[in-house]
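Asker: Dropping a structure here in structure tokens format, bear with me for questions.
The values are calculated or read from the model by the stated rules, or taken from the named source; none is laboratory data. What you see is a predicted model; the values in this text were computed from it and never measured. Every residue, glycine as well, gets a Cβ built from its backbone with ideal geometry; the counts of neighbours run over all protein chains shown. Heads up: the accessible areas ignore ligands, DNA and RNA and are worked out on the full protein's heavy atoms, side chains in. Shrake-Rupley method; radii C 1.70, N 1.55, O 1.52, S 1.80 Å.
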Amino acid sequence: MIAINEKLDKFMAKVIAKNPSEVEFHQAVKEVVESLLPFVEENPKYNGILERMVEPERVLMFRVPWLNDKGEFVINRGFRIEMNSAIGPYKGGLRFHPTVNLGILKFLAFEQVLKNSLTTLPMGGGKGGSDFDPKGKSDNEVMKFTQSFMLELQRHIGPDTDVPAGDIGVGGREIGFMFGQYKRIRNEFTGVLTGKGLEWGGSLIRPEATGYGQVYFAAEMLKTRGMDFKGKTVVVSGSGNVAQYATQKVTQLGGRVVTMSDSAGYIYDPAGIDAEKLAYVMELKNVKRGRISEYAAKYHCEYHEGKTPWGVKCDIALPSATQNEVNEADAHMLVNNGCYCVSEGANMPSTPEAVEVFIENKILYGPGKAANAGGVATSGLEMSQNSLRLSWTREEVDQRLHNIMISIHKTCEKYGKQSDGFINYVNGANIGGFVKVAEAMLAQGLV
Ligand code: NDP
């Protein structure tokens, strides 16, 4: 164990020296390498692979100039991290948020490589985005920005090269504007982006996929202990794409979601956010682009400004907003209040200390790279439909998504089950995702 710890420290010292101040990237790499070093030790053919995997195949960083409604010049920074293409074209979302920087996108791209491998579909890993903040911008400004962003990005992507999708701040509207611009510049109607509208190459269930998949994964975890969602109290964070559809699926399965949040605070509705209330949230967030506090005013429930919902008593928690939103104290609160299942819709929402609390207490803890892989898996299905020029039915896509989540759970169980029967989903997801990529990298030689 000492030797492994020393190896980990040495590995991380190199990563940190080479990628200074990219703290989220360091965090993501450390969590993965911690799981993988003992496995690589037992399987020496994988020596050297991790060193290659932490180095992106390509990093693109570019200027995005655009004119706002006042006629002023605005300069944003655009990025695309092409992390690993061993098992397929780069695939991963675009994030538009003022906090976006190289370190955040490298953490997301690194996680994406393992996540995409877990889905069983042939997709490499990438991530991109911009420090552009869509909040408070008019449709016209969002269009101007996305067109300028695509003017540069288009030369680096393509249906067989790199296929971006949505993430925080990038939904149907932004994908539409970017697809239109790509088509105009390249004169090609291809599956270069996923998350498209149904009328122009999108897949049914893609908007729902991450949240639904997160809940399907939780249901598989619960099944290992003879439980399900019926009658369970569920705490959700976020009120965006992932949170909305996680809430919908929990309600369909008989659970009761009592919280949602945004970056300003959370609402607590003990009666549960049923279908009608969720429709209000969807209109509020996706059309009016308002704040979650308006829900509290409408339904006369509590609103907690500047707070996260982890102190609310629940059976199951579904973090679905952003990275590092659950810290050690939050994890203790959840466990002490009786929460026994955490399934992550967001990427890396739990800090390493919080993860330790979950594992020490042996609760069902599904890390994002396994639990939220349904989104990219359905993007993979969208790519297949685009290539075949076919559209599968809603039921067909949902069934495929469900099967993929069951298969990811099985992989985690295979690689993460300990001798005492406890499933360490962190190890399971990291090792399960790694093996396929590592084998492909070995087969393809030193590239
Ligand atoms: P959206 O932009 O639709 O929603 C994001 C939600 O999280 C909003 O409620 C937002 O509040 C809140 N949020 C964002 N940043 C912060 C912050 N710093 N602190 C507190 N709350 C915050 O994004 P998605 O729902 O698509 O993404 C949510 C998470 O799920 C992200 O971690 C993303 O990487 C992950 N994910 C998404 C996938 C997808 O298919 N969309 C696939 C896999 C993972 P506000 O409106 O105030 O900003």
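Asker: Say we look at the range 300-332 and pick out the residues that are assigned to a helix (DSSP H, G or I) and of a type in the set (A, V, I, L, M, F, W, C); which of these is surrounded by the fewest Cβ atoms within 10 Å (Cβ to Cβ)?
Answerer: So in the range 300-332, the residues assigned to a helix (DSSP H, G or I) come out as 309-311, 328-332.
Retained after the next criterion (residues that are of a type in the set (A, V, I, L, M, F, W, C)): 310, 329, 331.
Working: Trp310: 25, Ala329: 14, Ala331: 26.
Only one residue fits best here, namely Ala329.
Asker: Still on this structure: Within the range 357-365, can one find any residue that is within 16 Å of the ligand (Cβ to nearest atom), in contact (Cβ under 8 Å) with a residue 60 or more places away in the chain, part of a helix (DSSP H, G or I) and surrounded by fewer than 23 Cβ atoms within 10 Å (Cβ to Cβ)? Outline the logic, then answer.
Answerer: The initial filter retains those residues of the range 357-365 that are within 16 Å of the ligand (Cβ to nearest atom), namely none.
Taking every residue of the range 357-365 in turn, none turns out to be within 16 Å of the ligand (Cβ to nearest atom), in contact (Cβ under 8 Å) with a residue 60 or more places away in the chain, part of a helix (DSSP H, G or I) and surrounded by fewer than 23 Cβ atoms within 10 Å (Cβ to Cβ).
Asker: Okay, next question. Is at least one residue of the range 372-392 small (Gly, Ala, Ser) and open to solvent by 50 Å² or more (accessible area, probe 1.4 Å)?
Answerer: yes
Asker: Now a separate question. Report the residue count in the range 273-315 for those that are within 13 Å of the ligand (Cβ to nearest atom) and of a type in the set (Gly, Ala, Ser).
Answerer: The number of residues fulfilling the criteria is 3.
Asker: What pairs can you find where one residue is in the range 33-45 and in contact (Cβ under 8 Å) with a residue 24 or more places away in the chain, the other is charged (D, E, K, R) and surrounded by 15 or more Cβ atoms within 10 Å (Cβ to Cβ), and their Cβ atoms are less than 7 Å apart, with a gap of 6+ or different chains?
Answerer: Final answer for the pair search is Leu37/Lys7.
Asker: Within the range 345-353, can one find any residue that is surrounded by fewer than 24 Cβ atoms within 10 Å (Cβ to Cβ), assigned to a loop (DSSP other than H, G, I, E, B) and touching a strand residue (DSSP E or B) at 6+ places or on another chain (Cβ under 8 Å)?
Answerer: yes
Asker: Any residue at all in the range 41-55 that's within 17 Å of the chain's Cα centre (by Cα), surrounded by 18 or more Cβ atoms within 10 Å (Cβ to Cβ) and closer than 27 Å to Glu344 by Cα? Can you show your working first?
Answerer: Going residue by residue through the range 41-55, those that are within 17 Å of the chain's Cα centre (by Cα) are none.
Within the range 41-55, none of the residues are within 17 Å of the chain's Cα centre (by Cα), surrounded by 18 or more Cβ atoms within 10 Å (Cβ to Cβ) and closer than 27 Å to Glu344 by Cα.
Asker: Tell me, please, whether a residue that is in contact (Cβ under 8 Å) with a residue 40 or more places away in the chain and more than 16 Å from the ligand (Cβ to nearest atom) can be found in the range 316-332.
Answerer: Scanning the range 316-332, I find at least one residue that is in contact (Cβ under 8 Å) with a residue 40 or more places away in the chain and more than 16 Å from the ligand (Cβ to nearest atom), so the answer is yes.
Asker: Just give me the residues in the range 163-198 being within 16 Å of the chain's Cα centre (by Cα) and of a type outside the set (Gly, Ala, Ser), in sequence order.
Answerer: Of the residues in the range 163-198, the ones within 16 Å of the chain's Cα centre (by Cα) are 163-171, 194-195.
Residues satisfying the conditions are Val163, Pro164, Asp167, Ile168, Val170, Thr194.
Asker: Looking only at the range 84-121, count how many residues are among the small types (Gly, Ala, Ser) and open to solvent by less than 10 Å² (accessible area, probe 1.4 Å).
Answerer: First pass over the range 84-121, keeping only residues among the small types (Gly, Ala, Ser): 85-86, 88, 92-93, 103, 109, 117.
The next check asks that each one be open to solvent by less than 10 Å² (accessible area, probe 1.4 Å); those that pass are 92-93, 103, 109, 117.
Residues meeting the conditions: 5.
Asker: Scan (1) away from the ligand (no atom under 12 Å from the Cβ); (2) open to solvent by less than 60 Å² (accessible area, probe 1.4 Å); (3) under 22 Å from Leu60 (Cα atoms); (4) among the charged types (D, E, K, R) for the single condition Glu141 breaks and write down its number.
Answerer: For Glu141, the exception is condition (3).
Asker: Please work out which residue is farthest from Thr393 (Cα to Cα), limiting yourself to the range 195-215 and to residues that are open to solvent by less than 30 Å² (accessible area, probe 1.4 Å) and near the ligand (Cβ under 9 Å from one of its atoms). Break it down stepwise before answering.
Answerer: To start, the set of residues in the range 195-215 that are open to solvent by less than 30 Å² (accessible area, probe 1.4 Å) comprises 195-197, 201-203, 205, 208-215.
Then keep just the ones that are near the ligand (Cβ under 9 Å from one of its atoms); that gives 195, 209-211, 213-214.
Details: Gly195: 16, Ala209: 14, Thr210: 18, Gly211: 19, Gly213: 17, Gln214: 21 Å.
Checked the range 195-215; the qualifying residue farthest from Thr393 (Cα to Cα) is Gln214.
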